[in-house]
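One structure is given below, encoded as C-alpha cells.
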Amino acid sequence: PAPPTAAAAAPDKAPAPAAAPKAPDPAQPSAMSYVISFSKNEAVIAPGSEGVLGNIADNMELYPLAKINLLGYAYTGESDAEGLARKRLDLVKKQLVDQYKMKPEKMREEVKVTEEEVYKVEVYILR
C-alpha cells in the first residue's frame, strides 16, 4: 500500500487562514512600479533614471484607463526634507505631463520623509 498523503494523515486539520491583503506588487498584473532616483540633497533626476520615465509613458499607452500613484521620498537628514520630497515628486510629474503628455488628473501624489536614506520617487501604475 502507498504511504498516506499529508491530507490523509491529518484529516481534522483546518485550512490555514487567508493572508492579509498586501500592498500592490509589481509582479502582479494589476500594478507596475518604477523608481526614479535622485542624489542626496538634489531634486535632479539621476542619469540612470531618465529612461524610466519613457517606460512609464509606454505602459500608460497600453493601459490608458490606468491611474498613477507618485510617492516622493526624502531622508530626514536632508535639508528641508519635506520640501525636497515635494520638489522631486513635482519634477517627475512635470516631466510625465510636459514631455510624455500624460494627464495630471490621473495622478495621485504623496510625499514621505523617512529615517531611511532614500532619494527617490516611486511611480505605481494601477490597472
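The values are calculated or read from the model by the stated rules, or taken from the named source; none is laboratory data. All values derive from a computational prediction rather than experimental measurement. Here the Cβ positions follow ideal geometry from the backbone for every residue, glycine too, while neighbour counts run over all protein chains shown. Accessible surface areas use protein heavy atoms only, side chains included; no ligands, DNA or RNA. Shrake-Rupley method; radii C 1.70, N 1.55, O 1.52, S 1.80 Å.
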Task: The lone exception for LEU84 - which of (1) at pLDDT 95 or above; (2) in contact with a Leu (Cβ under 9 Å, 6 or more places away or on another chain) it fails - done: (2)
- [ ] Would you be able to say whether some residue in region 82-89 is buried (at least 16 other Cβ atoms within 10 Å of the Cβ) and either in a loop (DSSP other than H, G, I, E, B) or in contact (Cβ under 8 Å) with a residue 60 or more places away in the chain (or both)?
- [x] no
Open item on the list: Take the residues in region 90-104 that are without any contact (Cβ under 8 Å) to a residue 40 or more places away in the chain and of a type outside the set (D, E, K, R); name whichever of them is nearest to VAL52 (Cα to Cα).
Closed with: VAL97
Task: Hits in region 104-125 (condition: open to solvent by 40 Å² or more (accessible area, probe 1.4 Å) and aliphatic (A, V, I, L, M)) - done: VAL111, VAL113
TODO: Could you tell me whether any residue of region 12-27 is surrounded by 13 or more Cβ atoms within 10 Å (Cβ to Cβ) and modelled with pLDDT of 95 or more?
DONE: no
